[in-house]
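Colleague: Below is one structure. I have some questions about it.
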Amino acid sequence: MKKQIETDNHPLDLDAGATVVIPVYNSEGSIEELTARLHIVLPQLFPDYEIILINDGSHDNSWKVIQKLCQHPRVRGFNLMRNFGQHNALLCGIRSARFETIITMDDDLQHPPEQLPLLVETYNKGYDVVYAVPKKLPHSWWRNLGSKLTKFTLSKFMRIPIQEIGAFRIFRTELRNAFADYHSPDVYIDPLLSWGTTNFGHVFVEEDQRKVGTSNYTFRKLVHAGLLILTGYSTIPLRLASTLGFVFMIVGFLILIYALIIKLAFDSVAGFPFLASIIALFSGVQLFTLGIIGEYLARMYDRSTDRPPYIVKSEVTGRNDDLES
């Protein structure tokens, strides 16, 4: 059974089944086990399926492992030219999906495939997007805190009614129509999904500890993700800058009145510490506002350069003779 949707103004037939999209970065030690477990779980949930592995510029032997795994007819592999980022790699897999349902998950075995029935059960209740919310985050306290703040910011600014969003999700492939023309090097999948629907759900799942390697997310990357969310997919920071400007204009007017009263009543003027404090306060607000505007200019510049979100170097389609050295 196929479902026809429009993509880039052309009809596309989607088979009834699921596409699992997994971005891969330095995970040669985990993706083989992950794929094997998916081959056990997926046939129990969908009439047909495929697994798409996107090698996002790995420095280890991940691509060779992907090539080996693609001997299975239901596994496809994409090798990107360099490291573009997790969400850029996800976008590549989402646009290549052949089935009407897409599942995304990490490559480090922290998202157990055995938890997929819980997502599918909630998804079948009619939601367009369902997030798997871990009952307990397995990372360090600072990583958990940074992750929670980033996710909270995203959910509020994008009006996503789920605060615990994450990489383990299931959604309808037709949602990619909402961002079919998106062309920017700065990619974040969750805001793009919110362009197509407000029908979000979630389910609590168990999340395993990372078995191989270490996390690639640092505090710097979490901060960058937060700035990308705020300035790349929302105008709220600009409105905040305008509001600050208006508020401090009123504050400045009140300070002027105060200074005039002091002058007329006591024939004196405010001292140097007072003036220095006011100047520093207003200068800080001005620089903060200019910083917000600068972030938006940077986003505009990135998009004006017309850099693609990803470039595919090679693809393996699941046949033995497709293996490359």
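The numbers here are math on the coordinates, done by the rules we state, and not lab data. The shown structure was predicted, so the numbers you read here are calculated from the model rather than taken from an experiment. With ideal geometry, Cβ positions are generated from the backbone for all residues, glycine too; neighbour counts draw on all protein chains shown.
Colleague: Amide H of N61: which non-local residues (sequence gap of 5 or more, or other chain) have their own amide H closer than 5 Å, using H built in the peptide plane?
Modeller: Counting only residues 5 or more places away or on other chains, the set is E28.
Colleague: Also, I was wondering about something else. How large is the translational diffusion coefficient of region 236-304 in µm² per second when you combine the Kirkwood radius over alpha carbon pairs with Stokes-Einstein at 10 °C and 1.306 mPa s?
Modeller: Diffusion coefficient, whole number: 113 µm²/s.
Colleague: For a quick check: with amide H placed at 1.01 Å from N, whose amide H comes under 5 Å from R76's, ignoring anything fewer than 5 positions away on the same chain?
Modeller: Under 5 Å from the amide H of R76: I51, I52, L53.
Colleague: Show me, for region 251-257, the HN-Hα J-couplings you get by feeding each phi into the Karplus relation (A = 6.51, B = -1.76, C = 1.60, θ = phi - 60°), rounded to Hz, glycine and proline as x.
Modeller: Karplus-based 3J(HN,Hα) across region 251-257 equals 4, x, 5, 5, 5, 4, 4 Hz.
Colleague: Follow-up question, since we're still on this one. Please rank D181, D302, D107, fewest neighbouring Cβ atoms within 10 Å first, as an exposure proxy.
Modeller: D181, D302, D107
Colleague: Moving on. Please give me, ordered by residue number, the trypsin sites (Lys or Arg not before Pro) of region 77-130 that lie in loop per DSSP and have at most 11 other Cβ atoms within 10 Å.
Modeller: When the trypsin sites (Lys or Arg not before Pro) of region 77-130 are filtered for loop state and at most 11 Cβ neighbours within 10 Å, R82, K125 remain.
Colleague: Taking amide H atoms as placed 1.01 Å from N in the peptide plane, list the residues 5 or more away in sequence, or in a different chain, whose amide H sits under 5 Å from that of F84.
Modeller: Amide H neighbours of F84: none.
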